[in-house]
Amino acid sequence: MILRTAAVRHGRKAFSPSSLRSLTTQTTTTTETPDAVSEGALPPTAPPEPANSIVSKVTRPPQRWSAKPRPDKTIKYMPADWTRYKEQQARTRSLGSRIELLHVPGHLLKNPPAEASLEMLMANQAHMGHSTSLWNPANSRYICGVREGIHIISLEKTAEELRRAARVVEEVAYYGGIILFVGTRPGQMPIVVRAAELAKGYHLFSKWTPGTITNRDQILGSLPLMVVDEMDREVDGFDKHLLDRRPVVPDLVVCLNPLENYPMLRECSQENIPTIGVIDTNADPGMVTYTIPANDDSLRTATVIAGVLGRAGQRGQQRRLKDAELGEVTWRNPREIQRFLEIQALLKAAEDEAAALKAEAEGGGSGSHKGDMPGVMNKEQLEAFQLLQDLERERREGGRKRRGDEDDI
Amino acid sequence: MASAKSVSPGAALLRTSRLFSLPAALPQPRRDEAANYVNHSETATEPYPTRQIIATTSWSRRIGDWGLKRPLPIKTTTKTTFPMIKVKQVDSIEAITDFGPATDHGITLRKFQEMNLPITIPNHKGGMNLPRKSVFEDDFDFTAVPAGAAKDDTDMRWKFKGPWLAGLTDGELQKYIQKHVKNRRPEFRLFLKTKLAQEMNETAAQKAKDSGEEAAPAEIDASKVTDVQLTNFLRRLREDRPRLYKLVSQFLDLAPIGPPTHSSDMWKAEYSTTPLTITAGNPYAKEGPPITHPSAGLSYLRTASFLENHPFYGPQAKHTPVEARVVAPRFSNGARGAKLGVGGFVTNVPGGESTFNMSRVSADIRQERTPGLERLDPSIKGGAKIWVEPLNATVNSKGQTIITVGETDRKAPEIAKELAGRDAVVEEPPVPAQQSRASVLQRQRPSLGASVLGSSRTYGLTPGDLVIEQ
C-alpha cells in the first residue's frame, strides 16, 4: 500500500491520496464477510441492501517501491569448492571469540523500538537543542537547561510527548485513518519510508507541493483511486463513483521537520487535520497539534522518533485487522460511499421493477417468485446466509467470547 | 553537596552524557609578544591543545554521525586519513556546528607516545644532563594535599590558590590585590595573631626550659593576643621582609618564587658545595607553576630506564631512535643554533661532545657527517633528517613540551630501519670452516646490539627470517 514510485518520479505527486476512511470514534459491526465479496456472491455492479452493505473505502492501488524488476540472482553454476567451503564454514563457525555487545549502526532503522527509553533518547542526541540565541520562548516548558551554548531539552518531556504521540498514531491506525509521514531533510528518506512501511501509511521525503490539500482537485485530481474493504482488499464496482470522487486527504500527518514544512502544516490546520511534529527549541510549538520536543537536526533522533511512531501505527493496524477478521470493523462507510450505495440500490430496484412489469406484461405471470431479483438474495436466502455466517464466526473464534459479549456476563 | 541533590532521572542521565563530559576549553595559549610580531601565523599549531578531540567509527563517519547535534558535512570529514575533529560550537547562531580538524595535536600525541618518553620535572641546573625525576614521583605528584600535612611538605606542589607573582603584569597584580587581597584584611590580622600566639608560646616555653622550671607555662590563645602586641608584631615584620613575604605567601597560598639567580651564582660557595642532584626548593619557582598537571596528560611513564629487546639481535643498549627533521640549520639560525623537529616538537640539537657539536673539525667534514645540519642542503630529497635518541620531556609553565634528544649510536638506526622494513642490515660474513672452538664461540655472539643475554639463536631464528617481503 506504500506508494513510492510516484514520489521518486514526480515530486509534485509524491503525496499520494489513498483512501477515504473516515476517522470515527465508534466501531460498527457488520454482518458482511469479505468472503462473500471475493467469492463473487455479491456481483460488483449490483449493490446489496443498505442494511447489508459492503464496508468499503477508497484507497490507491498498491505499488512497489521500485518499478524496476529485481535482477535474477539464480546461480548459473556451482563454484568448484562451494560444498567444501560451506562445510568448513559450518565446522569453524563455533571457533574464536564471541562478541557480545556489537555495534550495529543501522539497527534502529531495521528494528525500531516499541517505546523510547530516556537512555535511548539521550544516546540518540534527542536532548540537544539549538543555540541559546535561537530559541523560541514558547519552548521554555520543554527546556531543562543550557550547556555548551545550546539549550538542553528535558528527556522526560520528550519521552512523555512521544508516548502521547505514539498513542495518537496507534488509535488513528486502529480506526483506519490515513497516516502521512513527512521528513524532507537530506537523509530522512529511509526513516520516513520505514515508518510508513510499518504503519501502512504514506511518506513524503521531497518537496511538499503547496496546495496538495487545499487545492487537491487540481493537483491530485488525475491520480487513480480504489475502494477497499475492511481487510484492505480492493473492491470492484465503484468505477462510476470514483470518477467524480475528490482526492483523499490524510487523517494524521507526522512531520519530522516542521520548520521547512510550514505550508503543509498550515494547510493541515486549515483542513482540521491533526499533526504531530518534532519541535526543536527554535520552532514554534503552535505549528503542530501534538508536539514532540526533540532535536530535529539529528538523523538518529529522527530514526528513533519515526521508528516509535511507526511501531505504534503497526500495532494499530494489527489490532484493526484482527478485529476485522472477527467481524468488527472499526470504521464506517464514508458518507459519499453510503449515498452512492443507496442511489445504486434505488436505481437497481427501479430497473428491476420496470423489468418485472415488462415481463408481467409480456408473459402474463410466470412461475417465478415475485420478489426475486437476479443476483440479489431474497429474504429466505439472506437468513440462511446470515446463519451460515454466524456459524463461520463461531468456528473462527474457537469458542472465545467476543468483545461485545463480555458485558452480558 | 551538589551531587547529592536530588534531580530528575533525565537530568541525572544527562550528567553522564558525552556532551556533558566534554571538558571546558582551555584558554588560548599566550603568545610571546616579540615573537608574535615577527612570525605571527593564524594557522600555526598551538603549543598545546585547548579542546577535546572527537573521533568516530568509520561507518558513522560515512553518514556524518559524530554524536553531535547534527550530522557533519561528509565532504570535509571523510577526506582525511585520521578522522579527528574539535568542536568550537555545538550549535552557532547560523544554525551550524562549528568544528575544525584536530589532527595536528592528535597525531603529535600518537608520535609522542611512540617515543616512550617519561615527563620529568624541569631542571634548571644549566646544560648538564643529570638524571631527572618523573613528575609522578611522590615528592612532586600532588593532586590533593593531605589534611594533616605540614606546610613545608606541600612546598613542592605544582598548583596553588594564589598567583605566581613574578609572572603577573602590573595591572594584573593591582586587579588581584583589589579583588582578592583587600577584603581579607581582618582575616589576615587573625592569621597574624595565631602566628604571634604560637611564637609567644614557643618563646615562653624556651624561657621556662632555660630557667629550669619544670612545668611549662600556660599556652596563650590567639584571642588573648592584644591589639598592642599585634601592632608591635607588625612593626617587627616590616623590618623583616623575608619573614613577612613568607607569612603573606602562606596566607594567600602564593606560588613560590625562586631566589634571584645569575649565571655567576653558579660558582658561589653554596652552589659549588651542594650536590647538583639535590633539587632545592620548588622546581617550578623559577619559571612559574605549570598550567596543568606537570605531565599534561602526554605520558604516564615514570621512567625510561628499560631495555628494548630485539627478536633477532637481543637486548639493545640504545632505545629505538627516531628520525629528526632539521628544521633550521646551524649556519642560518645565528645564536639560536640548529633546531630539530622530533615527532612534531622542535628541539635543540644534543649538547656536549657529540657528532652534532664537532668543534675541532672543518665545516666540510661536519657537513659530510651530518648532512644538512650545518647549512641548508637542497640536494637532499625531502629535507635533511638525522637519527636521534629521545631522552626525556618536560612541560614548561607555558604549556610547551620540551623534548631532550641525545646522540644515538651507528647501529641503532640501521636496526630501526630494518624493523620498519626499509633496509636490511648487512649480514655478517659466513664463518670459515677451519677455526678453533674459541673463535666459533666468539663468532656466535651477535655482532649488533650490546648484550649477549639473549639472541636470535636462542629463539631459533635465522637472519633470513627477518627479511621482510616487499
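All of the numbers you see were taken from the coordinates with simple rules; none came from a lab. All values reported here derive from a predicted model rather than from experimental measurement. We place every Cβ from the backbone using ideal geometry, glycine too, and count neighbours over all the protein chains shown.
Which FRET efficiency value, to the nearest 0.05, do you get for B:A215 and B:Y245 by plugging their Cβ-Cβ distance into 1/(1 + (r/R0)^6) with R0 = 41 Å?
Numbers: r = 37 Å, r/R0 = 0.90.
Once rounded, the FRET efficiency stands at 0.65.
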Counting Lys and Arg as +1 and Asp and Glu as -1, what is the net charge of the other residues whose Cβ lies under 12 Å from the Cβ of B:V388?
-1
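Could you tally the net charge around B:R360, taking each other residue with its Cβ under 13 Å from the Cβ of B:R360, Lys/Arg +1 and Asp/Glu -1?
Combined, the nearby Lys, Arg, Asp and Glu give +1.
Which order results if A:T281, B:T56, B:T303 are arranged by neighbouring Cβ count within 10 Å, fewest first? Could the numbers behind the result be given before it?
Values: A:T281 27, B:T56 19, B:T303 14.
Placing the least packed residue first, the sequence is B:T303, B:T56, A:T281.
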Give me the distance in nm between label points sitting 7 Å out from Cα along the Cα-to-Cβ direction at B:R410 and A:E397, one decimal.
10.3
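Sorted from fewest to most neighbouring beta carbons within 10 Å, what does the list A:E353, B:E308 look like? Intermediate values should be presented prior to the final figure.
Numbers: A:E353 11, B:E308 14.
So the residues, fewest neighbours to most, are A:E353, B:E308.
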Points 7 angstrom from Cα along the Cβ direction at B:H180 and A:R266: gap in nanometres?
5.8
Greater than 23 Å separation of Cα atoms is the criterion. Which listed pairs, B:K385/B:K411; B:K193/B:K246; B:K385/B:K417; A:K207/B:K79; B:K286/B:K385, meet it?
A:K207/B:K79; B:K286/B:K385
Excluding residues on the same chain fewer than 8 positions from B:K88, give the aspartates and glutamates whose Cα lies under 13 Å from its Cα.
A:E148, B:D98
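Would you mind ranking B:F140, B:F251 so that the residue whose beta carbon has the fewest other beta carbons within 10 Å leads the list?
Details: B:F140 19, B:F251 16.
In increasing order of surrounding Cβ atoms, one gets B:F251, B:F140.
Within region A:74-133, report the GluC sites (Glu not before Pro) that DSSP leaves as loop and that have at most 15 other Cβ atoms within 10 Å.
Values: sites: A:E87, A:E100, A:E115, A:E119; in loops: A:E100, A:E115.
Answer by residue number: A:E100, A:E115.
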Could you work out how far apart the two model spin labels at B:E46 and B:T194 are, taking each label as a point 7 Å from the Cα in the direction of the beta carbon, and quote it in nm?
3.9
Relative contact order (%) - region B:61-129, alpha-carbon pairs under 8 angstrom, separation at least six:
19
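Given a Förster distance of 56 Å, report the FRET efficiency between B:R369 and A:D81 from their Cβ-Cβ distance, rounded to the nearest 0.05.
0.40
In a shell of Cβ-Cβ distance under 15 Å around B:D104, excluding B:D104 itself, what net charge do Lys and Arg (+1) and Asp and Glu (-1) give?
Numbers: positive: B:R51, B:K86, B:K88, B:R110, B:K111; negative: B:E42, B:E46.
Net charge around B:D104: +3.
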So how far, in whole Å, is the C-alpha centre of region A:250-295 from the one of region B:47-113?
33
Taking the Cβ-Cβ separation of A:R339 and A:A359 as r and a Förster radius of 41 Å, what is the calculated FRET efficiency to the nearest 0.05?
0.85
